[in-house]
């Protein structure tokens with residue numbers, strides 16, 4: 001809303017007060033600091049659309065594309081009507097329409113970084129889309145996507161829980177309702193969850209976290225998927241190699257363990273022309289085949 005800059009001393013940015021705080025409070029149970037809120041299914045779905053529209057605006061409607069580069073629940077704020085606002089542009093970058101990467105060293109949050117970022121192959125708007133997909137999974141399950149399974153002091157035996165793998169398994173078994181935040185089930189016996197919306201949200205999330213960046217939809221397409229304007233093809237299986245990448249990094253950086261989602265990285269980022277494929281190797285051969293009815 002404004003700023004204050006004195007000749008000497010600190011500089012201040014003035015922001016609108018957002019009364020309901022950040023999304024993480026409303027989707028994750030609070031075990032240490034008291035119970036958190038529990039956003040209803042309808043509101044979670046609306047938040048998913050709000051965030052998709054915000055990212056679509058940044059990626060497609062600005063003079064230069066804006067990469068947020070730190071999409072996570074802590075950076076999604078909810079106003080008095082629980083409408084979502086994407087916040088914290090401290091890591092964001094402007095890039096030209098003919099570029100698909102940036103030259104700089106950036107920070108990102110572990111648990112939301114796309115594989116191409118972890119592999120130092122460069123970042124693009126597709127990296128935001130991957131992070132958005134990870135946020136969708138956390139909204140569905142009411143839990144962090146990546147959690148460390150402790151195994152005493154033997155770091156060589158550490159394993160990681162990866163919630164998207166659980167969701168994919170439940171999808172194949174036809175038991176998606178078992179993957180959702182159990183507080184939603186307890187509150188309404190599962191009746192408050194629209195299973196068609198649930199399946200749609202899972203499909204979108206799985207498309208967004210494809211290892212190959214070119215298989216991920218853009219955010220304008222994501223909006224149309226969530227609003228039901230297009231038929232969403234079943235997403236192809238992915239290797240979900242990010243778990244292995246996180247494990248490798250944990251071995252290299254001296255550990256830390258604990259809450260992996262809030263550790264920040266400073267990977268080296270390289271610039272890429274728009275014709276460069278920065279995707280990590282994968283066995284997935286499927287292509288993005290959804291029919292899109294775009295209003296743009």
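Taking the conditions exactly as written (under 18 Å from the mean Cα position of the chain (by Cα), surrounded by fewer than 21 Cβ atoms within 10 Å (Cβ to Cβ), over 21 Å from residue 186 (Cβ atoms) and modelled with pLDDT under 95), does residue 49 satisfy them or not? So residue 49 does not fit the description; no.
Just checking, does the range 207-228 include any residue being touching a strand residue (DSSP E or B) at 6+ places or on another chain (Cβ under 8 Å) and either surrounded by 18 or more Cβ atoms within 10 Å (Cβ to Cβ) or modelled with pLDDT under 85 (or both)? No, the range 207-228 contains no residue that is touching a strand residue (DSSP E or B) at 6+ places or on another chain (Cβ under 8 Å) and either surrounded by 18 or more Cβ atoms within 10 Å (Cβ to Cβ) or modelled with pLDDT under 85 (or both). Does residue 239 satisfy the criteria of being within 18 Å of residue 168 (Cβ to Cβ), modelled with pLDDT under 90 and surrounded by 14 or more Cβ atoms within 10 Å (Cβ to Cβ)? Considered against the rule, which asks whether it is within 18 Å of residue 168 (Cβ to Cβ), modelled with pLDDT under 90 and surrounded by 14 or more Cβ atoms within 10 Å (Cβ to Cβ), residue 239 comes out as yes. Just to verify a result, which residue in the range 59-79, among those that are over 30 Å from residue 29 (Cβ atoms) and touching a residue at least 60 places away in the same chain (Cβ under 8 Å), is surrounded by the fewest Cβ atoms within 10 Å (Cβ to Cβ)? Among residues in the range 59-79 that are over 30 Å from residue 29 (Cβ atoms) and touching a residue at least 60 places away in the same chain (Cβ under 8 Å), the one surrounded by the fewest Cβ atoms within 10 Å (Cβ to Cβ) is 60.
Here the range 75-105 is the region considered, the condition is being assigned to a loop (DSSP other than H, G, I, E, B) and over 27 Å from residue 49 (Cβ atoms), and the residue that is modelled with the highest pLDDT is 96.
Here's a check for you: in the range 1-18, which residue that is touching a strand residue (DSSP E or B) at 6+ places or on another chain (Cβ under 8 Å), at pLDDT 80 or above and closer than 21 Å to residue 84 by Cα is surrounded by the most Cβ atoms within 10 Å (Cβ to Cβ)? Checking each candidate, the answer is 18. Out of all the residues in the range 56-68, is one or more in contact with a strand residue (DSSP E or B) (Cβ under 7 Å, 6 or more places away or on another chain) and in a helix (DSSP H, G or I)? Yes - at least one qualifying residue is present in the range 56-68.
The values are calculated or read from the model by the stated rules, or taken from the named source; none is laboratory data. In this text, all values refer to a predicted model and were calculated from it rather than measured experimentally. Heads up, the Cβs are rebuilt from the backbone with ideal geometry, glycines too, and the neighbour counts pull from every protein chain shown.
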